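A.B. asks: Could you have a look at this structure, given as structure tokens, before my questions?
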Protein chains: 4
Amino acid sequence: MELNNFQQIIDNTLNDIKNIEDLGQIASYIPELSHIDESKLGIHLTTVNNEHFACGDSNESFSIQSISKVISLVLAFELLGNKLWSRVGVEPSGSSFNSLVQLEYEKGIPRNPFLNAGAIVICDVLVSHLDDPKQHILDFVRRLSGNSTLTYNTSVAESERKTRYRNNSLANLMKEFGNIHNDIDTVLDVYFHLCSIEMTCKELAQTFLFLAMNGKNLLTNAVMQLCGFYDEAGEFSFKVGLPGKSGVGGGIIAIHPNQYSVAVWSPKLNKKGNSYKGIKILEVITTETGSSIF
Amino acid sequence: MELNNFQQIIDNTLNDIKNIEDLGQIASYIPELSHIDESKLGIHLTTVNNEHFACGDSNESFSIQSISKVISLVLAFELLGNKLWSRVGVEPSGSSFNSLVQLEYEKGIPRNPFLNAGAIVICDVLVSHLDDPKQHILDFVRRLSGNSTLTYNTSVAESERKTRYRNNSLANLMKEFGNIHNDIDTVLDVYFHLCSIEMTCKELAQTFLFLAMNGKNLLTNAVMQLCGFYDEAGEFSFKVGLPGKSGVGGGIIAIHPNQYSVAVWSPKLNKKGNSYKGIKILEVITTETGSSIF
Amino acid sequence: MELNNFQQIIDNTLNDIKNIEDLGQIASYIPELSHIDESKLGIHLTTVNNEHFACGDSNESFSIQSISKVISLVLAFELLGNKLWSRVGVEPSGSSFNSLVQLEYEKGIPRNPFLNAGAIVICDVLVSHLDDPKQHILDFVRRLSGNSTLTYNTSVAESERKTRYRNNSLANLMKEFGNIHNDIDTVLDVYFHLCSIEMTCKELAQTFLFLAMNGKNLLTNAVMQLCGFYDEAGEFSFKVGLPGKSGVGGGIIAIHPNQYSVAVWSPKLNKKGNSYKGIKILEVITTETGSSIF
Amino acid sequence: MELNNFQQIIDNTLNDIKNIEDLGQIASYIPELSHIDESKLGIHLTTVNNEHFACGDSNESFSIQSISKVISLVLAFELLGNKLWSRVGVEPSGSSFNSLVQLEYEKGIPRNPFLNAGAIVICDVLVSHLDDPKQHILDFVRRLSGNSTLTYNTSVAESERKTRYRNNSLANLMKEFGNIHNDIDTVLDVYFHLCSIEMTCKELAQTFLFLAMNGKNLLTNAVMQLCGFYDEAGEFSFKVGLPGKSGVGGGIIAIHPNQYSVAVWSPKLNKKGNSYKGIKILEVITTETGSSIF
């Protein structure tokens, strides 16, 4: 990989993908997200040597949504270590991200920390072990991103709270099985705020660079590789070949261990709920740079 | 990674693991496999530069079973290219390797080529496009392994045929959905032979070295990473951190792209159906050599 | 059927069944129910000609629990008529009474009005159409039973409310699918009170006599026959041969159209959640009197 | 019920229903059945006092298909008595008649004898205990119907054999679980012949009159009530109010215990696989005669 090519590859990729038809759809179930300009397109790549390559709308903030579930997993694993696995698995689910079926068959233990149910359990762990989990999450993200003004979008969080029925159903089912230890509303409040964090592509790439920096993050990278794209993890793995995580705000973060982190943003989602153009951009970038991990 | 350490790491690992209690069980449903000496333990690692590191029973042949499903996938993808994905998916299943439930919900399209149903569809593709699929498979394996006497164990194949009820159920269900194009008995005959191939650890490492050798095998490595260990793919990924594939004969092949292939063999299986000591050995090797891909 | 034999048959049956070993278990998930004297045994049979046959603890009040779901179904059907079937089905479920799996596959439409989910939808209908549904239910039951002091056991209702996680999960899932129109807590409050009604066997037989009295109750009797005993409806049908409904308080009501209603009470439940001795008593009674409907 | 009205009610019903639009579809998966004249409409009612009321195409033979599963259940229960219930349940399934999902979860024990899987197990019982099960079935049906020339339509049986993939899948899955004791092809041969019996409405009513004649058939009538109409058992129960069984040939038999048996035939099926006009006819008849059992 020649670094001096990176900027050109990114520029060309963005130009090429900008002009193809976007077959995706904006996420509509959160009203706050549906007002977004759907033509937004941004890329930011940061190397472990602190080089930066960016283009498009890479300095505009957007709702990172489920990408935050990587943050909460990292924090909960710091707190519990391998004891965490008695509360949540690390296996792909083989079903949609918010299904109750599997959760009932598996007696309230979510298959992985990136399913809604899994992230709610993770928030329950944070509530149990931290004085002020919402502030703790914010401090962590601000420190990593280098932006001390990053914050929650409380109207997005409130919007999710108002339409929380399925997440509430998941939380109650897990409470029934003994896998939620705290008050459900308190746990969901953390969960809804977690998903409402807003960042730019640049901040996103910077925040997650630590996962590329050293060998300690085998766990997180492996879970991203297997579970980061809902029911499209396999396809993302063989097309892009990097561990990553998407959010319904249209953002994706991907990691090349020991080399770089890259954030892309394009709001319209494919049928599996992942950014339609975002995946295409990453596919071209890893193909052009020959930098898949496989 | 210093190569001169490899031999010592492997030797130490084998000695350490040899003495721990083996909590696994021999696969009992194939009588031919149940007679194996359960204390067998072998390791063979081959680098892309043709260096070899081996210890233990690495030169004894054993039944590679489902590891062969990587071979059949490679052959079918050569024949059909991306058209293959209309017949079989590339997503982890989230359920056991021979479940009918998911297959019925998904209308006869198996989730991935390493599930029994998926490998049967792959064999159907081979029957459709090759004059003599069993000979073709054998030629391919012989060429890669460098051993022209490698062959099927027909009594193992016959043993599987006699207890074929679940595989027959899967094949008939897919035939009902139009996803098996040839005579079921012909397809299952290829499938049972495919799984009966016998090799040594050395031959196994040599056969699969091509997956480490160049960048063309993104697909195969990605599918192995996500689907190679049934319902333990996530755990294998974060403990070992390499794409791999196991078989109920107790063998495992793992690939470090651009670096090496490594085969291990220990017959007793954990509850998920993967070699108990085999996984432990690989975990120690990648930890000691710092050579996970994540 | 000779009526003058009824009393003797009932007496003999109670004596015989009293002495067999009770292999059931008291329902333990509602603390209020777990304090009951588990040797209680009562029978009361009322004919359409207003004859009464009783023995044992037939004048002691107990929690009728799910038997009340027949009451709420009758009231909701009076309000909506056949429009009710767009909100809830009339088919047996083939799975346990509080499963979420089927509810998710069938998009929030419960299979029948006696499943927890179905009864919660029925309560939602009552909340939508009645000024004071709890009072309305009570008025209805008091009028039918002839006992104007019948009431809710509010500590039982409160006990259910405190451990409401699964019911809350069901209600939230249905709300997500648009099948709960009112505030969830309001609906569940009606539901928990509905299940907390207390009656004697005599009052129970009297209350449900209207289902035997005339031909207008085809619907209710048919639904009881197919869905009244959770996953034991078939076995109850071929052993007892009457439409009926059980509750986890150990009560059962059964109807012989045009002839009689009969209530039995014995607190210990079999593995399917129905009164162990209650079913045996009814089996002997219908066999001895030759009065199955089949 | 005044008997002298029966003929007029039946005549009127047939005339009324003949003229409504038939929203059903001919069963197409068995080519032999798809050639039938879809306007056929026949009714035959026989009382326990040997009175006969008929109209329409009641003397034309048609394929009774799954109605035969009542015959095989009666024969198997004669052979095994209550031991039969270790092989097959008596509960409604809550899913479609040929689903594998439930069968896998319940480890090869079909929920009831009228599901395809259940009827295949019943045929396995007949193969185990009878010298010539196909002849035995024929003798039984000939004796009950009074027509010694009744026979199998071997081209229908052969047609089912050729498209047997789903039934073969079910049989193999049950064999895997140990619930098929004989050779699968032998068992399926009995099953396909069983379903190929042809009768007129008159013969059908006569054959099943024994279920109305005495009190010994509680079991069969109860199982018909709960499981006789696949996923429409509840709706049939509350609209018609009689135990019955349908077949994809468009026939339905229904029983009023102690009063009559009635057979109807109209080839087009509703979405649940039951005769569209057949159900309507029975609904009018039981409403007009006030003869539901509920």
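The values are calculated or read from the model by the stated rules, or taken from the named source; none is laboratory data. Predicted model only: the values in this text are computed from it and were never measured. In this analysis, Cβ positions are derived from the backbone assuming ideal geometry, glycine residues included, and neighbour counts consider all displayed protein chains. Ligands, DNA and RNA are stripped out before the accessible areas are found, and what is left, the full protein with its side chains, is counted by its heavy atoms. Shrake-Rupley method; radii C 1.70, N 1.55, O 1.52, S 1.80 Å.
One line per residue, one yes/no per condition, for (1) outside any loop (DSSP other than H, G, I, E, B); (2) among the acidic types (Asp, Glu); (3) in contact with a Leu (Cβ under 7 Å, 6 or more places away or on another chain):
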{"site": "D:Leu204", "(1), (2), (3)": "yes, no, no"}
{"site": "D:Ala222", "(1), (2), (3)": "yes, no, no"}
{"site": "D:Ser261", "(1), (2), (3)": "yes, no, yes"}
{"site": "D:Gly278", "(1), (2), (3)": "yes, no, no"}
{"site": "D:Ser291", "(1), (2), (3)": "no, no, no"}
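A.B. asks: I'd like the residue in the range B:95-105 that is in contact (Cβ under 8 Å) with a residue 24 or more places away in the chain and within 13 Å of chain A (Cβ to nearest Cβ) and, out of all such residues, is farthest from A:Val90 (Cα to Cα).
C.D. replies: Among them, the one singled out is B:Leu103.
A.B. asks: Looking only at the range B:169-195, which residues are among the polar types (S, T, N, Q), surrounded by fewer than 18 Cβ atoms within 10 Å (Cβ to Cβ) and within 14 Å of chain D (Cβ to nearest Cβ)?
C.D. replies: Hit for the range B:169-195 is B:Asn182, nothing else.
A.B. asks: Still on this structure: Any idea which of D:Gly241, D:Gly249 is small (Gly, Ala, Ser), more than 18 Å from C:Thr220 (Cα to Cα) and crowded, with 24+ Cβ neighbours inside 10 Å?
C.D. replies: Going through D:Gly241, D:Gly249 in turn, just one is small (Gly, Ala, Ser), more than 18 Å from C:Thr220 (Cα to Cα) and crowded, with 24+ Cβ neighbours inside 10 Å: D:Gly249.
A.B. asks: Out of everything in the range A:78-94 that is within 12 Å of another protein chain (Cβ to nearest Cβ) and open to solvent by 30 Å² or more (accessible area, probe 1.4 Å), what residue ends up being farthest from A:Pro31 (Cα to Cα)?
C.D. replies: Top of the filtered list is A:Asn82.
A.B. asks: Read through the list (1) over 30 Å from A:His35 (Cα atoms); (2) in a loop (DSSP other than H, G, I, E, B); (3) modelled with pLDDT of 95 or more, then give the number of the only condition that A:Pro267 fails.
C.D. replies: (1)
A.B. asks: What is the one condition in (1) over 15 Å from the mean Cα position of the chain (by Cα); (2) modelled with pLDDT of 95 or more; (3) under 29 Å from B:Thr289 (Cβ atoms) that A:Ser261 does not satisfy?
C.D. replies: If we test A:Ser261 against (1) over 15 Å from the mean Cα position of the chain (by Cα); (2) modelled with pLDDT of 95 or more; (3) under 29 Å from B:Thr289 (Cβ atoms), just (1) comes out false.
A.B. asks: Continuing with the same structure: Quick check: anything in the range A:204-222 more than 14 Å from chain B (Cβ to nearest Cβ), in contact with a Phe, Trp or Tyr (Cβ under 7 Å, 6 or more places away or on another chain) and at pLDDT 95 or above?
C.D. replies: For the range A:204-222, residues more than 14 Å from chain B (Cβ to nearest Cβ), in contact with a Phe, Trp or Tyr (Cβ under 7 Å, 6 or more places away or on another chain) and at pLDDT 95 or above: absent.
A.B. asks: Given the conditions (1) at pLDDT 95 or above; (2) touching a Leu at 6+ places or on another chain (Cβ under 8 Å), which single one is not true for D:Leu194?
C.D. replies: (2)
A.B. asks: Got a number for residues in the range B:41-62 being on the phi > 0 side of the Ramachandran plot, open to solvent by 60 Å² or more (accessible area, probe 1.4 Å) and of a type in the set (Gly, Ala, Ser)?
C.D. replies: Qualifying residue count for the region: 0.
A.B. asks: Given the structure, is C:Arg166 farther than 28 Å from C:Gly56 by Cβ, open to solvent by 50 Å² or more (accessible area, probe 1.4 Å), in a helix (DSSP H, G or I) and not acidic (Asp, Glu)?
C.D. replies: Answer is no for this residue.
A.B. asks: If I filter the range B:227-234 for residues that are assigned to a loop (DSSP other than H, G, I, E, B) and within 10 Å of chain A (Cβ to nearest Cβ), do I get at least one hit?
C.D. replies: Within the range B:227-234, one or more residues are assigned to a loop (DSSP other than H, G, I, E, B) and within 10 Å of chain A (Cβ to nearest Cβ).
A.B. asks: Another question, then. Would you confirm, using the coordinates I've provided, whether A:Asp139 is under 21 Å from the mean Cα position of the chain (by Cα) and open to solvent by 10 Å² or more (accessible area, probe 1.4 Å)?
C.D. replies: In short, yes.
A.B. asks: Find the residue count for the range D:1-35, including only residues that are in contact with a helix residue (DSSP H, G or I) (Cβ under 8 Å, 6 or more places away or on another chain), open to solvent by 60 Å² or more (accessible area, probe 1.4 Å) and of a type in the set (Ser, Thr, Tyr).
C.D. replies: The number of residues fulfilling the criteria is 1.
A.B. asks: Condition check: touching a helix residue (DSSP H, G or I) at 6+ places or on another chain (Cβ under 6 Å) and of a type in the set (Ser, Thr, Tyr). Does A:Ser237 satisfy that?
C.D. replies: yes
A.B. asks: May I pose another question? Determine which member of the set B:Gly118, B:Gly146, B:Gly108 is within 14 Å of chain A (Cβ to nearest Cβ) and out of contact with any Cys (no Cβ under 8 Å at 6 or more places or on another chain).
C.D. replies: Checking each option against the conditions leaves just B:Gly118.
A.B. asks: Quickly run through the range C:142-163 and pick out the residues that are out of contact with any Ser or Thr (no Cβ under 6 Å at 6 or more places or on another chain) and open to solvent by 40 Å² or more (accessible area, probe 1.4 Å).
C.D. replies: Of everything in the range C:142-163, those that are out of contact with any Ser or Thr (no Cβ under 6 Å at 6 or more places or on another chain) and open to solvent by 40 Å² or more (accessible area, probe 1.4 Å) turn out to be C:Arg143, C:Gly146, C:Ser148, C:Thr149, C:Thr151, C:Thr154, C:Ser155, C:Glu158, C:Arg161, C:Lys162, C:Thr163.
A.B. asks: Do we have A:Leu23 as closer than 24 Å to A:Lys268 by Cα and either assigned to a loop (DSSP other than H, G, I, E, B) or basic (Lys, Arg) (or both) here?
C.D. replies: yes
A.B. asks: Take B:Leu130 and decide whether it is in contact with a Pro (Cβ under 8 Å, 6 or more places away or on another chain) and either more than 14 Å from chain A (Cβ to nearest Cβ) or crowded, with 21+ Cβ neighbours inside 10 Å (or both).
C.D. replies: Taking the combined requirement at face value, the residue does not satisfy it.
For (1) over 21 Å from B:Ser99 (Cα atoms); (2) in contact (Cβ under 8 Å) with a residue 40 or more places away in the chain, each residue gets a yes or a no:
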{"site": "D:Lys107", "(1), (2)": "no, yes"}
{"site": "D:Asp124", "(1), (2)": "yes, yes"}
{"site": "D:His129", "(1), (2)": "yes, yes"}
{"site": "D:Gly146", "(1), (2)": "yes, yes"}
{"site": "D:Thr154", "(1), (2)": "yes, yes"}
{"site": "D:Glu158", "(1), (2)": "yes, no"}
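A.B. asks: I need the full set of residues from the range A:235-258 which are of a type outside the set (Gly, Ala, Ser) and facing chain B (nearest Cβ under 8 Å), in order please.
C.D. replies: Scanning the range A:235-258 gives A:Glu235, A:Phe238, A:Pro243, A:Pro257.
A.B. asks: Something else now. Based on what the data block shows, is B:Glu198 more than 14 Å from chain A (Cβ to nearest Cβ), of a type outside the set (Ser, Thr, Tyr) and open to solvent by 10 Å² or more (accessible area, probe 1.4 Å)?
C.D. replies: yes
A.B. asks: Suppose we filter A:Ile109, A:Ile71, A:Ile122 for residues that are out of contact with any Pro (no Cβ under 8 Å at 6 or more places or on another chain) and either among the aromatic types (Phe, Trp, Tyr) or under 16 Å from A:Thr220 (Cβ atoms) (or both); which single one remains?
C.D. replies: A:Ile71
A.B. asks: With the condition kept exactly as written, say whether any residue in the range B:210-229 is more than 25 Å from B:Gly94 (Cα to Cα) and open to solvent by less than 10 Å² (accessible area, probe 1.4 Å).
C.D. replies: yes
A.B. asks: Here's a follow-up. With respect to C:Val121, is the statement that it is more than 18 Å from C:Gly244 (Cα to Cα) and among the β-branched types (Val, Ile, Thr) true?
C.D. replies: Here the answer is yes, as C:Val121 does meet what is asked.
A.B. asks: Conditions first: (1) of a type outside the set (A, V, I, L, M, F, W, C); (2) open to solvent by 70 Å² or more (accessible area, probe 1.4 Å); (3) at pLDDT 95 or above; (4) in contact with a Pro (Cβ under 7 Å, 6 or more places away or on another chain). A:Glu38 passes all but one, so which condition is the exception?
C.D. replies: For A:Glu38, the exception is condition (3).
A.B. asks: With respect to the numbered conditions (1) under 15 Å from the mean Cα position of the chain (by Cα); (2) within 14 Å of chain C (Cβ to nearest Cβ); (3) farther than 16 Å from D:Asp189 by Cα; (4) not hydroxyl-bearing (Ser, Thr, Tyr), which one is the sole condition not fulfilled by D:Leu75?
C.D. replies: (2)
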